[in-house]
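**Q** Okay, here's the structure, questions in a sec.
The values are calculated or read from the model by the stated rules, or taken from the named source; none is laboratory data. Here the structure is a predicted model, which is why all the values come from computation and not from measurement. With ideal geometry, Cβ positions are generated from the backbone for all residues, glycine too; neighbour counts draw on all protein chains shown.
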Amino acid sequence: MREPITRYVSQGRAGGFTFVELLTALVVVSALAGISAFNARSYQLKAEYAALQTTTRHLMDGQDFCFLENNEFYPKTGIISIASGIQMDIPELAYNFPQGHKHRYLIYGLNRNIGKWTYNYYYIIVYSDFDFNKNGHNDIFIATTYLRNGKPIYNRKFYRLN
């Protein structure tokens, strides 16, 4: 009886991969790693931007509640500066900046009566630690509400300065 031909064909090569097969696999893995690294940075920037927006909107909500309770924005006059990385509690806005946060915040409020006019407004200025729009500079964001005699001129505007 004759032996099957597959036995003789499989004996012609030792187990393992050839150099060309290993090189091809290395090229494919390198290409996938390069694509994923690029996408990971893009997703990281989007996540940082979303976190910055969430924090700023929470501060804006705090300003709204402060105005509803006291008929003025916080601070009554002046600027509150929150350096990046420093833990700070602001009970007037019901927000606690955690230790190690990434951005610098300036919160500016003004509440004045001039004659028959009442002016109330705040600015929340955020100096970010990233360049979301890729112009070579870290971005600056501003959130504001401006009321004249209790009527909104600008209400909860959020925009990038540069």
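**Q** Condition first: closer than 21 Å to Asn162 by Cα and surrounded by fewer than 13 Cβ atoms within 10 Å (Cβ to Cβ). Can you find one or more residues in region 104-122 that meet it?
**A** Looking for residues that are closer than 21 Å to Asn162 by Cα and surrounded by fewer than 13 Cβ atoms within 10 Å (Cβ to Cβ), one finds none in region 104-122, hence no.
**Q** Still on this structure: Being aliphatic (A, V, I, L, M) and either farther than 28 Å from Leu147 by Cβ or surrounded by fewer than 17 Cβ atoms within 10 Å (Cβ to Cβ) (or both) is the filter here; which residues of region 39-60 pass it?
**A** Ala40, Leu45, Ala47, Ala50, Ala51
**Q** Right, another one. Of all residues in region 102-120 being free of Cβ contacts under 8 Å to residues at least 40 places away in the same chain and more than 17 Å from Asn70 (Cα to Cα), which is nearest to the chain's Cα centre (by Cα)?
**A** Ranking the qualifying residues of region 102-120, first place goes to Arg104.
**Q** May I pose another question? Are any residues in region 141-155 modelled with pLDDT of 90 or more and loosely packed, with under 14 Cβ neighbours inside 10 Å, and if so, which ones?
**A** The answer is Arg148, Asn149, Lys151, Pro152, Ile153, Asn155.
**Q** For region 75-101, enumerate the residues that are of a type in the set (S, T, N, Q) and surrounded by 14 or more Cβ atoms within 10 Å (Cβ to Cβ).
**A** Ser84
**Q** Do the conditions hold for Glu72, that is, is it more than 21 Å from Tyr159 (Cα to Cα) and among the charged types (D, E, K, R)?
**A** Against the criterion (more than 21 Å from Tyr159 (Cα to Cα) and among the charged types (D, E, K, R)), Glu72 qualifies.
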